[in-house]
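The values are calculated or read from the model by the stated rules, or taken from the named source; none is laboratory data. Computed from a predicted structure; not experimentally measured. All Cβ positions, glycine included, derive from the backbone under ideal geometry; neighbour counts span all protein chains shown. What goes into the accessible areas is simple: the full protein's heavy atoms, side chains included, and nothing from ligands, DNA or RNA. Shrake-Rupley method; radii C 1.70, N 1.55, O 1.52, S 1.80 Å.
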Amino acid sequence: MIDLGTNGEIVLGNKDWLVSTSCASGPAFEGSGLCCGMRAMLGAIEHVTIDPITGIASVKVIGDTLPKGICGSGIIDAAPAMAAAGILDFSGKLVEGASGVKMTKYGPSYVLVPASKTETGMDIIITKQDMAYLMDTKAAICGAISVLMLKYRLSIKDIKKVYLAGAFGTFGSIDKLTEFGIIPEFPMAEFHRIGNGSLTGAYKTLVSTRLRERAILIAERMAYIDLLVDTDFIEEYWAALRIPGKEELFPGYYGQTF
């Protein structure tokens, strides 16, 4: 189970055992912290495609209005598309001189939507700072997932079900999550979107004694790995600071068969 939000919570296990961890992934998936970021509301860019030849983006906006900014699902669409178009290098840095990249007061920035086509009358851009922030976020989550699998000697083919929680996990593209390297490729897994899992769980434990007892039992059986003191996490984090990440986690990207 992967809960993507301001913090990333990950649980690995089955009916017999459970282990969890968390990482400070930051609010990038909610649009916060980005130069032109915003919540997933009216006027937010939620999906992005980029022509690899021209570098020009096509966007889908919530409410079909002129765009005001970009939300979490939009930035995760944009990042792998920018990499495929040569606008980003493998480390997530903007390539100066690439189509759509210009110098701004923030340094090199990719113009997602020019000012003439926005509601604000200003360019909607993705800056080098945005990408550094996003790469840090994606490396923290992918690194945390990798640590859990490493501890229990599991490969991507051993995972049979993946539950995605949180608003971004509910609405974000699974293909883009793996293409950018936020979560590994899980070729044998069924993906399930469960929405706001923590709030739903809180509701159910408040109204059901049986589920409250079950929640206590789960908590008592849950092991926890603290990434702040885990030596493996540093290595897995650094390995995830490229697009998409370690070859064994993304074999399809590197042309391998499963």
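Taking amide H as placed 1.01 Å from N in the peptide plane, C71 has its amide H under 5 Å from the amide H of M38, I45, each at least 5 places away in sequence or on another chain. Between K151 and N7, the C-beta separation translates, for a Förster distance of 22 Å, into a calculated FRET efficiency of about 0.65. Spatial offset of region 219-258 relative to region 163-218 amounts to 19 Å, using the alpha carbon center of each. A simple spin-label model places the labels of N196 and A98 3.6 nm from each other, with each point 7 Å out along Cα-to-Cβ.
Bridging of K204 to aspartates and glutamates at a Cα separation below 14 Å is possible for E213, once same-chain residues fewer than 8 apart are set aside. Stretching V229 away from K160 to a fully extended chain increases their span by 21.9 nm, per 0.36 nm per residue minus the current alpha-carbon distance. For region 1-148, the Kirkwood radius over C-alpha pairs fed into Stokes-Einstein at 20 °C and 1.002 mPa s yields D = 134 µm² per second.
Among beta bridges identified by DSSP and lying wholly in the chain, the antiparallel ones come to about 65 percent. Working value for region 23-86: equivalent-ellipsoid semi-axes of 20, 16, 8 Å, each the square root of 5 times a Cα gyration tensor eigenvalue, largest first. At the residue level, H47 shows approximately 60 square angstrom of accessible surface with a 1.4 angstrom probe and all protein chains present. At what distance in angstrom do the alpha carbon centres of region 61-83 and region 114-146 lie from each other? When both Cα centres are located, 10 Å separates them. In the chain the longest region clear of trypsin sites (Lys or Arg not before Pro) that are loop-assigned by DSSP and have at most 12 other C-beta atoms within 10 Å covers 161-258. For the cross-link pairs K151/K176; K68/K157; K138/K160; K161/K246, which exceed 29 Å when the distance is taken from alpha carbon to alpha carbon? Pairs exceeding 29 Å: K68/K157. Helix 197-207 and the longest principal axis of the Cα set of the chain meet at an angle near 40°. Within the same chain, aspartates and glutamates fewer than 8 places from K102 are excluded, and of the rest, those with a Cα less than 18 Å from its Cα are D51, D89, D123, D130.
Using the 1.4 Å probe convention, the accessible area of the chain works out to 50 Å² per residue with neighbouring protein chains retained. Hey, any idea what % of the chain's accessible area is carbon plus sulfur with a 1.4 Å probe? Carbon and sulfur atoms account for 57 percent of the accessible area of the chain.
Using the empirical formula 2.2 N^0.38 Å as the baseline, the Cα radius of gyration of the chain reaches a ratio of 1.05.
Dividing the summed -39500 (n - 2.57) terms of all DSSP H runs of n ≥ 4 by the residue count of the chain sets its mean residue ellipticity at 222 nm at -10000 deg cm²/dmol. Within region 71-150, the percentage of alpha carbon pairs spaced more than 19 angstrom apart rounds to 41%.
Counting charges near I216 (Lys, Arg +1; Asp, Glu -1) among other residues having Cβ under 15 Å from its Cβ returns a value of +3. Legend: residues S208, S155, sorted from most to least accessible area (1.4 Å probe; ligands, DNA and RNA excluded), read S155, S208.
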